[in-house]
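Every read-out reported here was derived from the displayed coordinates using simple, explicitly stated rules and does not represent laboratory data. Remember, it's a predicted structure, so these values are computed and weren't measured experimentally. Neighbour counts run over all protein chains shown; Cβ positions are idealised from the backbone, glycine included.
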Amino acid sequence: MVTYQTQREDPLLDQAPALSGCAPFMRIVHDCRTGPRFVLKTRRIRDHAFLYVRRGVGELTSGRDRQLLGPGSLIMVPPGPDHAFDLSDAEGVQMFNCHFDPVWQADSALVEHQFDPQRPDRRSPMPGGLFASRVIVHQVGIPAAYEARFLAMARRFPAIDAMGALELRAAAIEHIAWTLRDLSGRTVIEDDDTALQRARRRLDEAPGPIGLAELEKVAGMGRTRLCAAFRRRFGLSPIDYQRHSRIERAKADLVSADLPVKAVAARGGFASIHHFTKVFTRLVGEPPAAYQRRINRR
């Protein structure tokens, strides 16, 4: 006997009809780096925006609301509401920003970035906001996971052919879905959470790389189920999470323990200093020696 089950209604879909036909048009995907202070004057936008603070502290104002910002803060901006912010960091402010329409509109390609901040009109109305009618500041649960999703889009933007456009759209949908799931807190079924936390602790505590076979034993789950649930819960595959965790420990060793780069690479279980430098630079944005010098100058 064959039975069929329909998809359960999701409150996010009730709040955001746009998700039911999500085919995002990505207008801007930008790693924004400025000087020690970045001030965004009051404006409104005609599309949606995710503005993620990677480095900097400050305050957002939207109407009468004031909210603190810091590393890991995600500003989720729908069309319409006024918003402004002021960020500062001695080493320079860094933000990961993207502007998009969740559903392609007839005038999507015509909406300019440099627009009159007091006139957020456009020819075709948006079919509904993604998350709310107001600006939201959300502290991302696992910054590394959000940053990985953003960088996956950044590598594909702008698309130069049909295949590239398809890959960008897929990366954008994954980015939006992960962000909304993190916002809602519904990342994994409760029965799996204890097992996944065991696996995560093992990855955090391991002196070097460990394989999926060991994680299966720690979590008491099959490989396919473990990888899928781990990605839903933490936003990264176990291997990617372990890579980020090892680099976070390496950053602490470079600064707190003040170890030389070669010793940090060996302590983190990297095969060579070259491999360590390559992974560190890709995830942090600068080589380990430069990172150590910059932080120690503070």
(message) Need one number: % antiparallel among DSSP beta bridges in the chain, to the nearest 5.
(response) 95
(message) If you average 1/r across every pair of different Cα atoms in the chain and take the reciprocal, what Kirkwood value do you get, in Å?
(response) 21.2
(request) Compute the length gained on full extension between Ala266 and Lys41: take 0.36 nm times their separation in residues and subtract their Cα-Cα distance, giving the result in nm to one decimal. (result) 76.3 nm
(request) Give the dimensionless ratio obtained when the Cα radius of gyration of the range 11-184 is divided by 2.2 N^0.38 Å. (result) 0.98
(request) Find the centroid of the Cα atoms in the range 223-268 and in the range 131-152, then give the distance between the two in whole Å. (result) 20
(request) For the chain, with a Gaussian network of springs between Cα atoms less than 10 Å apart, report the residue from Arg156, Arg282, Arg169 with the top mean-square fluctuation. (result) Arg282
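Could you please report the charge total around Leu215, scoring K, R as +1 and D, E as -1 over all other residues with beta-carbon less than 10 angstrom from its beta-carbon?
Local charge sum for Leu215: +3.
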(message) Can you tell me which of Pro78, Pro102, Pro288 moves the most in a GNM of the chain? Springs connect C-alpha atoms under 10 Å apart.
(response) Pro288
(request) Mind grabbing the base-10 log of I(q)/I(0) for the range 33-134 at q = 0.19, 0.23, 0.25 Å⁻¹? Debye formula, identical points on the C-alpha positions, no solvent, two decimal places. (result) -0.96, -1.26, -1.39
(message) Just the number: Rg to Rh for the range 193-296, Cα atoms, Kirkwood Rh, two decimals.
(response) 1.03
(request) Decide, for the range 127-179, between rounded, prolate and oblate: order the square roots of the alpha carbon gyration tensor eigenvalues as a ≥ b ≥ c, take rounded if a/c falls under 1.5, and otherwise choose prolate if a/b is larger than b/c, else oblate. (result) oblate
(message) Running a GNM on the chain with Cα contacts under 10 Å, which residue among His275, His175, His138 ends up with the highest mean-square fluctuation?
(response) His275
